[in-house]
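The values are calculated or read from the model by the stated rules, or taken from the named source; none is laboratory data. None of these values were measured; they are calculated from a predicted model. Backbone-built Cβ (ideal geometry, glycine too); neighbour counts: all protein chains shown. SASA here: full protein model, heavy atoms, side chains in, ligands and nucleic acids out. Shrake-Rupley method; radii C 1.70, N 1.55, O 1.52, S 1.80 Å.
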Amino acid sequence: MKSINEYITESVASIKVNKMKQEFKQKFDNKVTIGSGRANHQQLYDVYIYDDKMNTLKEVNEILKRYLKKWKGFSYKELKDKLKEKGDFFKDYQDDDLCTLDRYPVEFIRFTSRDL
């Protein structure tokens, strides 16, 4: 059975995640999404980016810094590394027609309800 603090944490997290989703929807349409799941009795959230432009990653980084209280954000080098990693992945599988950004988005960050 969950304690009252766990219920409060999850409800606050749900409100903040919904605000993030709305902001992403307004700013990026469907290029940035938040997926959710449960593991080890925690709510997990994954941010996926269906765009390979540095400006999109920078803007998502700034939005997440506002919502995630303990997270300092990614540095410019870390953002470049994320794009390079995705570019290398697509180069390795360039012969596969199913290997597209729509199917394999940039996995930006994973956070829990406790991080909000």
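Pairs of Lys residues in region 54-116 are counted when their Cα atoms are under 20 angstrom apart and they lie 8 or more places apart or on different chains; the count is 16.
Taking all protein chains together and rolling a 1.4 Å probe, Met20 ends up with roughly 0 Å² accessible. A DSSP coil position with no more than 14 other Cβ atoms inside 10 Å describes the following trypsin sites (Lys or Arg not before Pro) in region 1-71: Lys2, Lys53, Lys69, Lys70. Of the chymotrypsin sites (Phe, Trp or Tyr not before Pro) found in region 1-98, the ones in coil according to DSSP and having at most 15 other Cβ atoms within 10 Å of their Cβ are Trp71, Tyr93. Surface analysis of the chain yields an accessible area of 70 Å² per residue, using protein heavy atoms and a 1.4 Å probe.
Taking a straight line from the alpha carbon of Lys27, these aspartates and glutamates sit under 19 Å away, with near neighbours fewer than eight places off in the same chain left out: Asp46, Asp51, Asp52, Glu59, Glu62, Asp102, Glu107. A helix-only calculation puts the chain at -16500 deg cm²/dmol for mean residue ellipticity at 222 nm, using -39500 (n - 2.57) for each DSSP H run of at least four residues, averaged over all residues. When Rg and the Kirkwood Rh are both derived from Cα coordinates, the Rg/Rh ratio for the chain amounts to 1.02. Sequence-distant contacts, meaning Cα pairs under 8 Å at least 6 residues apart, place the relative contact order of region 25-116 at 39 percent.
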